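Undergrad: First the structure, which I've put down as structure tokens, then a few questions once you've had a look.
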Amino acid sequence: MAVALTAQVAGAQQPSTAAAAGETDALTDKARQLYEEGRQAAAAGKWADAHASFLAAWAIKPHYQIASNLGVACLKLGKYRDAAEYLARYLREAPATKVNERQNAEASLKEALAKVASVTVQVTPAGAEVTVDGAVVGKAPLADRVFLAPGEHEIGAKLEGYAPATRPIAAVAGGAETVVVQLERAPVAGVGARPFVMDPAVPMAKRAELRTPLLVTGGVVAGAGIVTGVVFAVLAGNRADHAEEVRNELKAQWGDEKRCPDGDVPRCSDLKDAVYDEIDLGNVAFWSLVAGGTVGVGTLVYGLVTMNAEPQKTVPGTRVAPLLGPGTAGLSFSGRF
């Protein structure tokens with residue numbers, strides 16, 4: 001193991017700094033002790049004891065030299081997947097100058113790979129958590145391959161703002177595969193008014209209970225809108241007739257009602273009030289008729305769609321939404337009838 005040597009610095013250190021340095025040195029010494037115990041057990045052929053010591057040292061200080069010895073101990077104990085992981089990490093981190101050690105590690109890794117499947121996992125976007133059989137093994141892009149025992153497995157990925165995805169894989173001993181997982185952004189629910197929706201998942205028995213009240217309510221609202229429109233249309237017509245009468249009187253008096261002196265002749269004010277009333281009442285009548293007609297058509301369509309439905313069955317989904325706006329009136333239909 002590499003040992004960091006530090007020279008004493010002249011002058012007194014802060015107590016907290018000295019304590020932290022002492023704690024780090026103690027951990028390093030403990031890792032070194034466990035490492036040496038593991039080497040002695042391995043030399044004696046006690047691989048279970050060696051594995052335990054190397055694993056404890058690795059938990060304190062994950063050094064590449066410990067990874068090499070731990071990988072060999074796993075290989076001797078038949079823990080081929082773990083052996084492949086530790087040996088692959090050693091080869092990734094160990095200096096190229098350690099020629100003999102790297103050759104030995106490559107030979108051990110080759111032996112372990114004959115017992116497991118080597119999988120290269122490619123996940124997009126970067127930063128997504130990569131999972132194997134539901135357990136997180138790292139974030140994309142992974143530094144090493146994923147090693148799997150023979151059998152059925154599931155490789156997945158998840159990232160906030162994206163829909164999680166999984167890919168099944170049948171691992172074969174000695175095999176090498178590549179698994180690609182492309183995450184798609186999760187759909188964002190729209191904000192705004194929601195149209196009336198007949199959900200196809202609702203049993204027809206439930207819909208039958210709502211059908212009659214909906215039809216009656218729709219008919220009443222449509223009728224009220226139409227009646228209101230007719231009433232205001234009549235009132236608008238009356239005001240229009242009155243305005244025409246006043247206009248004729250003023251024409252007879254002035255020759256042209258446009259020359260009507262504002263505020264001097266009461267009939268001039270009467271004419272203006274009648275014209276404004278005609279416009280306002282006409283607008284109310286128009287939009288009342290549009291609203292009543294729209295609700296009436298929607299109610300009629302709903303009645304036709306649900307006419308032949310049988311209890312405990314479902315019907316195709318249908319959306320009916322009114323379209324109202326300046327100069328626009330109608331219904332929007334979507335789905336299957």
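The values are calculated or read from the model by the stated rules, or taken from the named source; none is laboratory data. For clarity, every value in this text was computed on a predicted model and none was experimentally measured. Note that each Cβ is placed from the backbone with ideal geometry, even for glycine, and that neighbours are counted across all protein chains shown. To get the accessible areas, we keep the full protein, side chains included, count just its heavy atoms, and leave off ligands, DNA and RNA. Shrake-Rupley method; radii C 1.70, N 1.55, O 1.52, S 1.80 Å.
Undergrad: Looking at the stretch 211-235, I want the residues that are over 10 Å from G282 (Cα atoms) and have a partner that is surrounded by fewer than 17 Cβ atoms within 10 Å (Cβ to Cβ) and modelled with pLDDT under 85 with Cβ atoms under 6 Å, at least 6 apart or on another chain. Which pairs are those?
TA: Between residues of the stretch 211-235 that are over 10 Å from G282 (Cα atoms) and residues that are surrounded by fewer than 17 Cβ atoms within 10 Å (Cβ to Cβ) and modelled with pLDDT under 85, the close pairs are L215/G303.
So that you can scan it fast, the table gives a plain yes or no per residue for (1) of a type in the set (A, V, I, L, M); (2) out of contact with any strand residue (DSSP E or B) (no Cβ under 7 Å at 6 or more places or on another chain); (3) over 23 Å from L55 (Cβ atoms):
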| site | (1), (2), (3) |
| --- | --- |
| A88 | yes, yes, no |
| D133 | no, no, no |
| K139 | no, no, yes |
| R167 | no, no, yes |
| G174 | no, yes, yes |
| A186 | yes, no, yes |
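Undergrad: Do we have any residue at all in the stretch 241-257 that's under 30 Å from K110 (Cβ atoms), modelled with pLDDT of 65 or more and open to solvent by less than 90 Å² (accessible area, probe 1.4 Å)?
TA: Within the stretch 241-257, the subset under 30 Å from K110 (Cβ atoms) is none.
Checking the stretch 241-257: not a single residue is under 30 Å from K110 (Cβ atoms), modelled with pLDDT of 65 or more and open to solvent by less than 90 Å² (accessible area, probe 1.4 Å).
Undergrad: Is it true that A126 is hydrophobic (A, V, I, L, M, F, W, C), open to solvent by 50 Å² or more (accessible area, probe 1.4 Å) and within 16 Å of Q182 (Cβ to Cβ)?
TA: Values: hydrophobic (A, V, I, L, M, F, W, C): yes; open to solvent by 50 Å² or more (accessible area, probe 1.4 Å): yes; within 16 Å of Q182 (Cβ to Cβ): yes.
Judged against the criteria, A126 is a match.
Undergrad: Restricting to the stretch 301-313, give me the number of residues that are surrounded by 14 or more Cβ atoms within 10 Å (Cβ to Cβ) and at pLDDT 60 or above. Let's see the steps before the verdict.
TA: Restricting attention to the stretch 301-313, the residues satisfying the condition of being surrounded by 14 or more Cβ atoms within 10 Å (Cβ to Cβ) are 301-303, 305-306, 309.
Subset that is at pLDDT 60 or above: 301-303, 305-306.
Qualifying residue count for the region: 5.
Undergrad: Moving to a separate point now. Within the bounds of the stretch 202-224, is there any residue that is over 54 Å from the mean Cα position of the chain (by Cα) and either of a type in the set (F, W, Y) or at pLDDT 65 or above (or both)? Reasoning before the result, please.
TA: Initially, the stretch 202-224 is screened for residues over 54 Å from the mean Cα position of the chain (by Cα), giving none.
Within the stretch 202-224, none of the residues are over 54 Å from the mean Cα position of the chain (by Cα) and either of a type in the set (F, W, Y) or at pLDDT 65 or above (or both).
Undergrad: Here are some residues: G298, G293, G282. Which one is under 15 Å from V234 (Cβ atoms), within 54 Å of the chain's Cα centre (by Cα) and at pLDDT 80 or above? Full working, then the answer.
TA: On the way: G298 fails: under 15 Å from V234 (Cβ atoms); G293 fails: under 15 Å from V234 (Cβ atoms).
After ruling out the rest, the residue left standing is G282.
Undergrad: Would you point out which residue out of A165, A135, A149 is of a type in the set (G, A, S) and either farther than 17 Å from E85 by Cα or surrounded by 15 or more Cβ atoms within 10 Å (Cβ to Cβ) (or both)? Before the answer, list the steps.
TA: On the way: A135 fails: either farther than 17 Å from E85 by Cα or surrounded by 15 or more Cβ atoms within 10 Å (Cβ to Cβ) (or both); A149 fails: either farther than 17 Å from E85 by Cα or surrounded by 15 or more Cβ atoms within 10 Å (Cβ to Cβ) (or both).
Checking each option against the conditions leaves just A165.
Undergrad: Any residue in the stretch 41-66 that is surrounded by 15 or more Cβ atoms within 10 Å (Cβ to Cβ) sitting within a Cβ distance under 7 Å of a residue that is among the β-branched types (V, I, T)? List the pairs, counting only those 6 or more apart or interchain.
TA: F54/I66; A57/I66; W58/I66; K61/T28
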